[in-house]
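Report on the following structure.
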Amino acid sequence: MRNTVLKDLFIIPDIDNSRALVTFTVPDGLSHAKWFVESGSKPVCSGEIDLRPGSKASFEIKFDSFKLWSVDSPHLYQLRMILTINGNEKEICEEFGMRKIHVSGRDIYVNNEKFYVKGYIRGREAHDHPNLENLPIHEYYEKNIKAAKEYGFNFIRFHSRIPPEECFEVADRLGIFIHIEIRKYFGKYQKERTMMNDAGELINEKDWVDAILRLRNHPSLMVYCMGNEIRHPGTNPQVEHIAKITKEIDPTRLFIDTCAHGEFDRTYVDIDVQHMSYFYPFGANYDMFENTYNWLIFGSCKGTQMSEDDGDGYEFNYKVTRAISPKRPIIAHEICHYTALRDIYKLDEKFRRLNVEKPWWIDELKKLIRLKGLEKDYTLMYKASKKFQFLSWKLGIEAARRSRLLSGFHFLQLSDTERYENSNGILDCFDDKTGIHEKEFLKFNGDTVILADLPRRTYFENEKVKIPVLLSHYSKDLPDILDFKFKLISKKQNSEVLKGGLKQIELSEKGLREIVTLEIKMPSTDRPDEMELVLSLVDENHNSVVENSWKLWVYPDRAELMPEIECTIVLDDNIKPELRYTGLKPTGTLSEPENLLIVNRFSEEVFRHLDNGGNVLMLCRIPETRDRKIRAPKEKYYLPTTWDRMKGVIWDRGTNHGGFIRESKALDLFPNDGFIDLQFHDLIDDCDKIVLDDFPCDMEPIIQGVDKAARDRFDVYTFGLSELQPGWTMRKFGYLFELKVGKGKLLVTGFNFTGLNSNKPEVCAMFESLLKYVTSDEFNPKASIDTKKLEEYLLNKGKQPRIKERKMTQYWQLNDAPLESDRYWKEAEEYIRESE
């Protein structure tokens, strides 16, 4: 009974007046209609109307009472009509929901309640997958949406796609909002050029109107969008024309021209979707979702000057930049697309079991794992990458929820694609779960989330910490009054070391606000300790109804207790550990060192010292690792390294998939759970991550880093490298390793120890742990290598061309701009070609 007769039938809910207005154009031969509104099988109201062909007909549905449609309670009504056409009766049926969507100021409202968009992206091939299990089409969409809701999502952005009718039917029934885009993706790297011409029309107007008429009765439809990343829409007359006709045909939905790249001062859009940068929401860019600096790139459609400087925009003595204050709701564009490794063997088996042709990259990745000798490590590598990915998601979504600029976000993405080797989904490409626990995810992606504003996670003992506590509150189900509770739990003691709270926190106001300020003094401790800070809102029965938690690390601040150690220190970058540790007694020279030699590069003197039985603590840090902007001299003895950042891989930008830690006394004073976490932030950010792919002896690093297993898109499209490149893909990384070298012993780390000069807690703790280890009898490496063999290896590496990180990763390493510029692309390619 699906409606195929009344092409422009429109059921307009009006919840404020307990009614719905029904309109349609009367087709030829239609003279009379009876109508019935039903809720399930229960009749609600009915009526009939005489009709005149060619006229605009309307009637009103009045409700004595009604149930709202929402994502939490998606109640559907049915409008059943019996049409008399040329004397014959024909029955049609259209489902609808009683709901209201509107914008006021910088907030989105659904049913007159503030609504926070927790969206995920699918649609375009890179962000979706076909129906690999060959499920019935309704089941295919149902599986995806049910999983999405379990993880807290309430909105789907269909990137450059309009999904089929069946998707809307499932969304109507299960309760999730949909954002559609008619303009297929057009870009330098895509072949999808239909319906798009930069010199002509952006979208076909007839197709757009037809889509609106076909879909506008679905209560799940929330946003009409023309397309993705359309450049300069505010100066294109067709865009404003499309906005006008969209509002004329359907004034009950939200309209936006483009997801990202739109000028900040467009006036015809209801909401805006803005790119908030490719930074990482911790460390220097902890507040990345509070800033509008990236919007400056896309400028003003009214000719407003955005900035002034006395240079070329890149080099200058001064620069004045306009501050942008948004006037409408802002949604963050494509956040959290942090990748991880795939469970490649399980995925291979799944494709085989379902008799589905597997993607080319599965076998290629398996070959790469064998080539690198990583078969025995891969289980830990996968686990490390998933833990680091989850940490990155938590940081990203919590930062978005703390933002006073945002009314939501588009998460990239819920499910993996099978088309590319990159994996950034919570679900795999069959919409099956991959071990991400829903309860933990909902702590930061529920309707109401409690948030600790924690730009740091590492502290010295007795340090006083002031923590603003915010509430991102959009739940209708919580009581108006709850109590605030906190507890600080010591992992070492397995007990609460602090706890407290505040009664009667008022919750009637929806949105984002600070509810309390928590001040705590970190406990005194003679050994480092991992803590868990737990914040909760509890009801009158002391049941926790909202809860979230964060790991913190507390370290002793007792540098004066370090025993006297005679050593020789030869370090660049003005790193002077002896300023903090007065027990260190630097004596000797590089040519005539003490037994313990602390250096940052290899040299003839280092090899001689090792061969004579000395100990070396190598804090590897050399200028050529970070010479992307200012070229540095090449090392004679070169231990291959790459410039690292403590941030997740963003699709194909970066090299950090976390890392795993083998048990070692070297980390006796550095608590960890076997994987890299935020206590490593200032050690890894701006460090020299060591590449061990062809290291000349068999050795297992104490701390092993995990590389991405994906191509750089520009390798394919600029350099013609369509396959996975072993030279810079899935490398075996070492952050910390040890060797017997000749008669001596060598402990090597690429960690960043510049934080010693500013007393960074985790940097000091790591230095103390390593120093204690190399001066103890425990320092007894299992792996060994002949001094001459190591020297020849490093000398040969010094003579060879350097492997340069690719175009996307250089941007990730520089970490100095919210988005790549034209100048950046040019310089990145030039840097790579220098070594060709």
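The values are calculated or read from the model by the stated rules, or taken from the named source; none is laboratory data. Owing to the predicted nature of the structure, the values given are computational and were not obtained by experimental measurement. Please note: Cβ atoms are built from the backbone with ideal geometry, for glycine as well, and neighbour counts cover all protein chains shown. With ligands, DNA and RNA removed, areas are computed over all heavy atoms of the protein, side chains included. Shrake-Rupley method; radii C 1.70, N 1.55, O 1.52, S 1.80 Å.
Could you give me the residue pairs with C-beta distances under 6 Å whose first residue belongs to the range 723-751 and is among the basic types (Lys, Arg), whose second residue is part of a loop (DSSP other than H, G, I, E, B) and crowded, with 24+ Cβ neighbours inside 10 Å wherever it lies, and which are 6+ apart or on separate chains?
Going by the 6 Å Cβ cut-off, the qualifying pairs are 731/707.
Go through (1) surrounded by fewer than 24 Cβ atoms within 10 Å (Cβ to Cβ); (2) of a type in the set (S, T, N, Q); (3) modelled with pLDDT of 95 or more and name the single condition residue 655 misses.
With respect to (1) surrounded by fewer than 24 Cβ atoms within 10 Å (Cβ to Cβ); (2) of a type in the set (S, T, N, Q); (3) modelled with pLDDT of 95 or more, residue 655 is out only on (1).
Among the numbered criteria (1) among the acidic types (Asp, Glu); (2) touching a Ser or Thr at 6+ places or on another chain (Cβ under 7 Å); (3) assigned to a loop (DSSP other than H, G, I, E, B), which one does residue 605 miss?
So the condition that residue 605 fails would be (3).
Determine, yes or no, whether residue 97 is in contact with a Pro (Cβ under 6 Å, 6 or more places away or on another chain) and either buried (at least 17 other Cβ atoms within 10 Å of the Cβ) or in contact (Cβ under 8 Å) with a residue 24 or more places away in the chain (or both).
Values: in contact with a Pro (Cβ under 6 Å, 6 or more places away or on another chain): yes; either buried (at least 17 other Cβ atoms within 10 Å of the Cβ) or in contact (Cβ under 8 Å) with a residue 24 or more places away in the chain (or both): yes.
Yes, satisfied.
Looking at residue 769 and the list (1) open to solvent by less than 30 Å² (accessible area, probe 1.4 Å); (2) over 22 Å from residue 625 (Cβ atoms); (3) not in a helix (DSSP H, G or I), which single condition is not satisfied?
Among (1) open to solvent by less than 30 Å² (accessible area, probe 1.4 Å); (2) over 22 Å from residue 625 (Cβ atoms); (3) not in a helix (DSSP H, G or I), the lone unmet condition for residue 769 is (3).
Does the range 784-796 contain at least one residue that is of a type in the set (Gly, Ala, Ser), open to solvent by 20 Å² or more (accessible area, probe 1.4 Å) and touching a residue at least 12 places away in the same chain (Cβ under 8 Å)? Steps first, answer last, please.
Here is the first cut: in the range 784-796, the ones of a type in the set (Gly, Ala, Ser) are 784.
From the residues that got through so far, the ones that are open to solvent by 20 Å² or more (accessible area, probe 1.4 Å) too are 784.
In the following step, the residues that additionally are touching a residue at least 12 places away in the same chain (Cβ under 8 Å) were identified as 784.
Yes, the range 784-796 has at least one match.
Any idea which of 714, 719, 660, 680 is aromatic (Phe, Trp, Tyr), modelled with pLDDT under 95 and open to solvent by less than 20 Å² (accessible area, probe 1.4 Å)?
Working: 719 fails: open to solvent by less than 20 Å² (accessible area, probe 1.4 Å); 660 fails: modelled with pLDDT under 95; 680 fails: modelled with pLDDT under 95.
None of the other options fit; the residue is 714.
Any idea which of (1) modelled with pLDDT of 95 or more; (2) farther than 25 Å from residue 4 by Cα; (3) within 32 Å of the chain's Cα centre (by Cα) is the one residue 194 doesn't satisfy?
Unmet for residue 194, out of (1) modelled with pLDDT of 95 or more; (2) farther than 25 Å from residue 4 by Cα; (3) within 32 Å of the chain's Cα centre (by Cα): (1).
Among the residues of the range 653-701, write down those that are among the aromatic types (Phe, Trp, Tyr) and assigned to a loop (DSSP other than H, G, I, E, B). Before the answer, list the steps.
In the first step, residues of the range 653-701 are kept if they are among the aromatic types (Phe, Trp, Tyr); the result is 660, 670, 675, 680, 695.
Once the filter is applied, which keeps residues that are among the aromatic types (Phe, Trp, Tyr) and assigned to a loop (DSSP other than H, G, I, E, B), the range 653-701 yields 670, 695.
How many residues are within 18 Å of residue 687 (Cβ to Cβ), among the acidic types (Asp, Glu) and open to solvent by less than 10 Å² (accessible area, probe 1.4 Å) if we restrict to the range 629-652? Outline the logic, then answer.
The initial filter retains those residues of the range 629-652 that are within 18 Å of residue 687 (Cβ to Cβ), namely 629, 632, 635, 638-649.
Keeping just the survivors that are among the acidic types (Asp, Glu) gives 635, 644.
Checking which are open to solvent by less than 10 Å² (accessible area, probe 1.4 Å) leaves us with 644.
Summing the residues that are within 18 Å of residue 687 (Cβ to Cβ), among the acidic types (Asp, Glu) and open to solvent by less than 10 Å² (accessible area, probe 1.4 Å) in the range 629-652 gives 1.
So residue 80 ticks every box in (1) in contact (Cβ under 8 Å) with a residue 40 or more places away in the chain; (2) open to solvent by 20 Å² or more (accessible area, probe 1.4 Å); (3) touching a strand residue (DSSP E or B) at 6+ places or on another chain (Cβ under 8 Å); (4) within 18 Å of residue 14 (Cα to Cα) but one. Which box is left unticked?
For residue 80, the failing item is (4).
When the residues of the range 663-674 are filtered to those that are touching a Phe, Trp or Tyr at 6+ places or on another chain (Cβ under 7 Å) and open to solvent by less than 20 Å² (accessible area, probe 1.4 Å), which remaining residue is farthest from residue 776 (Cα to Cα)?
Of everything passing the filter in the range 663-674, 674 is farthest from residue 776 (Cα to Cα).
State whether one or more residues within the range 373-380 are free of Cβ contacts under 8 Å to residues at least 40 places away in the same chain and closer than 30 Å to residue 444 by Cβ. Working first, answer last.
Start the filter on the range 373-380 by keeping residues that are free of Cβ contacts under 8 Å to residues at least 40 places away in the same chain, which leaves 375-376, 378-379.
The next check asks that each one be closer than 30 Å to residue 444 by Cβ; those that pass are 378-379.
The answer is yes; a qualifying residue exists.
So the check is Cβ under 7 Å with 6+ separation or different chains; which pairs have a first residue in the range 283-305 that's in contact (Cβ under 8 Å) with a residue 12 or more places away in the chain and a second one that's hydroxyl-bearing (Ser, Thr, Tyr) and surrounded by fewer than 16 Cβ atoms within 10 Å (Cβ to Cβ)?
296/307; 296/321; 301/235
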